[in-house]
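In what follows, a structure is listed as structure tokens, so that the remarks can point back to it.
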Amino acid sequence: MLPRKHVLAALALTLFGTAAQAADEVVVYSSRIDELIKPVFDAYTKETGVKIKFITDKEAPLMQRIKAEGKNATADLLLTVDAGNLWQAEQMGILQPIKSDIIDKNIPAQYRASSHDWTGLSLRARTIAYSTDRVKPEELSTYEALADKNWEGRLCLRTAKKVYNQSLTATLIETHGEQKTEEIIKGWVNNLSTDVFSDDTALLQAINAGQCDVGIVNTYYYGRLHKENPKLAVKLFWPNQADRGVHVNLSGIGLTKYAPHPEAAKKLVEWMTGEHAQKIFAGVNQEFPANPAVAPSEEVAAWGTFKADTIPVEVAGKRQAEAIRLMDRAGWN
Ligand code: FE
């Protein structure tokens, strides 16, 4: 047993610690819009009393701002989408690892940086969308098969400038090597029915309108459009079920290198990987929880289950530069 004076000292420390904790706040720089993050942060504040301030902007200026602030950092956390972007932040040296058994337990290793600089929070599949009027699902099989002759003049793609397509291409390079991937991408480009699109929603609308028959999109764009228009003549198809599975990417979060509130930030991230937060966070954007113990929303579950590629998503970052060069060579604008 501790002498009485030590007990008091320990008690005082505990009380002081609790008071300091309650006064804590966490500052998040987010490239995700307010409506996708506010419900999660509000729930955390309600549960813990910790205030969360957030600033939203595009990921590039946010990362530059963290870099420029350096040791005078105001942001504790960077929240963004795509492993390609998170990997960029890691390369810029603006993040630091979070060592946490809770995060390691909640989120599979393939959805985290091996450096522990960031972790995935929600998942989105980048999959095939097809016209229910002009395509039978039996005609579809793999991403690779969209390069076949029978899709000539029938394929729609989003621009190669979007990180989502760079990440998809990066994982193709990891799987097939550069030469075969270039052949596949050239096949896709040859099969285009029209110029590339600036976003996935316009692409889905083009399939619906008959401008093309198939395309590659992130699942939540389909979810949003389908909610607006339940008669949408477009469905999702899960490719590569006989081999590596569907390409999956994520939204994720990392602790900034000079975070002013690192402990409070760590607690928030741990909480965000748990059941309550995962349900809200994935639900608001019709994404899949990154924590496999948490079920997706009813809307998302209605798209059916699929086998996902088990490739570590950080490959998207590691091979990003290679992917951009390859897409350019293949004529994907
Ligand atoms: Fe998006």
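The values are calculated or read from the model by the stated rules, or taken from the named source; none is laboratory data. In this text the structure is predicted, and so the values were computed from the model without any measurement. Every residue, glycine among them, receives a Cβ derived from its backbone with ideal geometry; neighbour counts consider all protein chains shown.
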> Are any residues in the stretch 165-206 small (G, A, S) and either under 24 Å from G317 (Cβ atoms) or within 16 Å of the ligand (Cβ to nearest atom) (or both), and if so, which ones?
Replying inline: S167, A170, G177, S198, A202
>> If A209 satisfies all but one of (1) without any contact (Cβ under 8 Å) to a residue 12 or more places away in the chain; (2) within 16 Å of the ligand (Cβ to nearest atom), what's the number of the condition it fails?
In response: (2)
>> Just checking: which of the helices (runs of 4 or more DSSP H) contained wholly in the stretch 293-333 hold 2 or more residues that are closer than 16 Å to K162 by Cβ?
In response: 315-318, 320-329
> So which residues in the stretch 217-230 are away from the ligand (no atom under 13 Å from the Cβ) and in contact (Cβ under 8 Å) with a residue 60 or more places away in the chain?
Replying inline: K227
> Given the conditions (1) modelled with pLDDT of 50 or more; (2) exposed (fewer than 14 other Cβ atoms within 10 Å of the Cβ), which single one is not true for M63?
Replying inline: (2)
> In the stretch 192-199, is there at least one residue being among the acidic types (D, E), part of a helix (DSSP H, G or I) and surrounded by fewer than 19 Cβ atoms within 10 Å (Cβ to Cβ)?
Replying inline: no
> Among the residues of the stretch 259-266, is any within 16 Å of the ligand (Cβ to nearest atom), touching a Ser or Thr at 6+ places or on another chain (Cβ under 9 Å) and within 22 Å of T80 (Cβ to Cβ)?
Replying inline: no
>> Could you tell me how many of the residues in the stretch 102-139 are farther than 19 Å from P312 by Cα and outside any strand (DSSP E or B)?
In response: 9
> If you scan the stretch 109-133, which residues turn out to be away from the ligand (no atom under 16 Å from the Cβ) and under 19 Å from W238 (Cβ atoms)?
Replying inline: Q110, Y111, I128, Y130, S131, T132
> Looking at N85, N72, which is the one that is assigned by TED's automatic domain parsing to the domain that holds K279 and within 16 Å of the ligand (Cβ to nearest atom)?
Replying inline: N85
